[in-house]
1. Using a 7 Å offset from Cα along Cα-Cβ at residue B:248, what residues in the stretch B:270-297 end up with backbone N under 18 Å from the label point?
2. Taking each pair of different alpha-carbon atoms in the stretch A:135-291 once, compute 1/r for the pair, average those values, and report the inverse of that mean as the Kirkwood hydrodynamic radius in Å to one decimal.
3. So if we plug the beta-carbon distance of residue B:152 and residue B:436 into 1/(1 + (r/R0)^6) with R0 = 30 Å, what FRET efficiency do we get, rounded to 0.05?
4. How high is the FRET efficiency from residue B:337 to residue B:400, r the C-beta distance, R0 35 Å, rounded to 0.05?
5. Let me have the 222 nm mean residue ellipticity of chain A computed from DSSP H runs of 4+ only, each contributing -39500 (n - 2.57), with the sum over all residues rounded to the nearest 500.
6. What average count of beta carbons from other chains do you get within 10 Å of the Cβ of residues in A:213-223?
7. Can you put B:151, B:233 in order, fewest other beta carbons within 10 Å first?
8. Listing B:92, A:189 from the residue with the fewest other Cβ atoms within 10 Å to the one with the most, what is the order?
């Protein structure tokens, strides 16, 4: 190693290998992804670009470094394949017998209790067994479907319904997967806390909404004005009483003496937070949406789809 | 503090230059680089402490936009990485390259201009982060227009460093020289790639995050390690008055860093195609070879003679640096293993590892080098010699008090996060005592940096008085009648 150019060459080759691996190849593989209808039942285009105000909010999120305390990535340990019994039918004995004959790991009739549907009949089984069980159950007059349930502490906490995947970030510049959870994950904050006014109050005074919160207040995103007695408050203002608490007509802790008016930055940031939802089932992250979501969309989807439950599991 | 051993007499004695000539040639550029590095280091610890205090009271200085945690924290890390780290690293590299090459440093004035450009870039970048114009990518927050100055400054210094290496009179290349050459080239490539792909015409979606992870790993796991180890491999044998145990082990370190460390840094659960974190994990685990090679090499060099040598204060910095390197890298490797990563990712453990690597290892090594080099280059002893030792203890204790609670707290935080029965707010509150303890470490570190700053400014003032004031007085003194006649 007494030859300078040789060392330079070594460094050059080593670095180009790493560059090809982690800069060029990902770009070739996923850098040109497009939005697609890869959800099974709804034919929804996913992902959607951020609305204008939410995009401005992304800039506020970047400016104030929210990423240093909040991740936006739900992790998943695995997926449980369950058999969901939505209706036991009229002949419970026949249903149980069909299940025993289907050879899906159920050997004792006492283990099976089909009353109380809708319920999960088989938990965390294999795809083959789940499919066989569903065929057998449907043949015996019950209504059953395969349910895919993502697992993991993040999902158990209600931080998301499935893991976050590359497609979820497609239209974002800058992306904020984050590296630290000083605060909770925000990948699906819009599903958890969909109230924009709550978000504004929380930004103004986090500790007032979440007791003991170590999050700093973002009062510089708001403007405070005194209210003269009898003066009407501005349209989107948060009201404060004399002791500086949020004025709540339900608690009757008034009168309101000042109003907090969110600046455009605060409204944009809240719009961005309320755009944080990634619950669409994708082929790369399959899951069965919770039934509540089914009911709300049932009006414009064919009845048959709603009945069998919308999973994007392989065709039964 | 004579460093005769680092240069060997040449066959043709005529072309040889004295060590002091080498040192004098470094005087102007190293003055620019080291004084500004000391100032940035001090500022970094001021803002680091400020960010840490926000965990004692979340509303401490939170009413103004530019002092919010999300701006102060990146200012502290950028001032440490770019203001101090790279700048001091380049200064140390220039001096060692000149010393090992038995030559003068090339184009001292161009280096000084490059250093000024670099500082202008850091200054603009820090201001822009305060104003809210950060890029939002960790370790790369300074925006594009600051990056232009940084890049130009780096190019000027880097070219001069390469020229210094090229114009060496001692043809044999030692391990620190390989490391420095690779590092010089490395930063220019990763920084330009990252800024172009994330700033000007950004790549889409999560590929941005992959590029950012790649950059940050190559800066912190390759560049800093190259420069930090090069300084250790130069100074530790020098202070021990012996040779580095094995050039082959140094070569192994060199190659494993190039081949494995450059692929590290992508978290195991990253929302990207699965092969990327898989490759990254394997590469990170393989850096155990680097760590083992360094341990054996340093141990065999130092041997049992460590306690018997009269160790100058700067030697302690190198010793702590190597120890911190080993621990930081074992932490890094452990945290890359999938089962452990799923617990420790998104926790303070990774922050603790970052501090131990960037501050405990790299920065302390650079501080030791600065304490060693500056008296040689200026030809003057430190004004407060005892403060060097005091700074060492402040920095060493500070690092431990900063890193240890954070790492322990991070493990606890990770286990709580993996248990959905523990509410999140309990987890967040449970972390606060650990963060409060680590603020004490930040305070110790800050005090140490204050000692360095006062020392180096006092030295500059003395240098000014000794070398410039007499010249100025002589030049402006009134002529005596007798002299006027002649």
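Quick note: the coordinates plus some simple rules give every number you see, no bench work behind them. What you see is a predicted model, and the numbers here were worked out from it, not measured in a lab. Every residue, glycine as well, gets a Cβ built from its backbone with ideal geometry; the counts of neighbours run over all protein chains shown.
1. Only B:289-297 fall inside the zone, counting backbone N under 18 Å.
2. The Cα-based Kirkwood calculation yields 18.8 Å.
3. E between residue B:152 and residue B:436, to the nearest 0.05, is 0.10.
4. Using R0 = 35 Å, I get an efficiency of 0.90.
5. On the way: 12 runs with 101 residues, N = 316.
After summing the helix terms and dividing by residue count, I get -9000 deg cm²/dmol.
6. Average per residue, whole number: 5.
7. Working: B:151 20, B:233 28.
Going from least to most buried by this count: B:151, B:233.
8. Ranking B:92, A:189 by Cβ neighbours within 10 Å, fewest first, gives A:189, B:92.
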